[in-house]
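Report on one structure; see the data block that follows.
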Amino acid sequence: MSKKHSKTENPNLEKALKVLIASVIGIALTVGALLLSCALALRNDLSGMILMILAFVSCLVPSFIAGFIAGKAIRKSGILYGALSAVPMCLFLLVLCAAFYGSLGGKLALCSVCMLLLGATGGICAVNTQRKRRYR
């Protein structure tokens, strides 16, 4: 079976795989950013409010990046695929909060909504960026 034939066989599966790859990259970036913010907090003895802001930013920036990657890979419907790439990240955050914090509150809902919006924004930005043109 040729690669060209497999692409035309099920294009939705290929798009889902690209969104999943973008989500995995986003989750890896989220874990890295959270570990970096934890190390920063332990080293500098930061207050609770600054820790909350660091955790919030550590989740929001990777969701934008994941949405950008998904939008760039698919090149259509950036708002949809960008938001879809943030959904597994929101589920990952839900599991982390349930395991370590014990309860799911309004801050988690706010962070999840912001992650979905930033994922969609990243997808829009990716679709609207110009492709590099090679002049010969």
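Annotations for the structure displayed:
- Only residues that are more than 19 Å from Leu91 (Cβ to Cβ) and either basic (Lys, Arg) or part of a helix (DSSP H, G or I) (or both) were counted across the range 16-61, and they come to 18.
- Among the residues of the range 83-115, those that are assigned to a helix (DSSP H, G or I) and in contact with a Cys (Cβ under 7 Å, 6 or more places away or on another chain) comprise Leu93, Leu108, Cys111, Ser112, Met115.
- When residues in the range 30-52 are screened for being at pLDDT 90 or above and open to solvent by 70 Å² or more (accessible area, probe 1.4 Å), 2 of them pass.
- Candidates Leu108, Leu94: the one that is of a type in the set (A, V, I, L, M), open to solvent by less than 60 Å² (accessible area, probe 1.4 Å) and over 20 Å from Lys15 (Cα atoms) is Leu108.
- For the range 14-26, the criterion of being open to solvent by 60 Å² or more (accessible area, probe 1.4 Å), farther than 14 Å from Gly71 by Cα, of a type in the set (D, E, K, R) and out of contact with any Leu (no Cβ under 9 Å at 6 or more places or on another chain) is met by none of the residues.
- Condition met for Lys76 (in contact (Cβ under 8 Å) with a residue 24 or more places away in the chain, basic (Lys, Arg) and in a helix (DSSP H, G or I)): no
The values are calculated or read from the model by the stated rules, or taken from the named source; none is laboratory data. This is a predicted model, so every value here is computed, not measured. Positions of Cβ are backbone-derived with ideal geometry, glycine not excepted, and every protein chain shown enters the neighbour counts. What goes into the accessible areas is simple: the full protein's heavy atoms, side chains included, and nothing from ligands, DNA or RNA. Shrake-Rupley method; radii C 1.70, N 1.55, O 1.52, S 1.80 Å.
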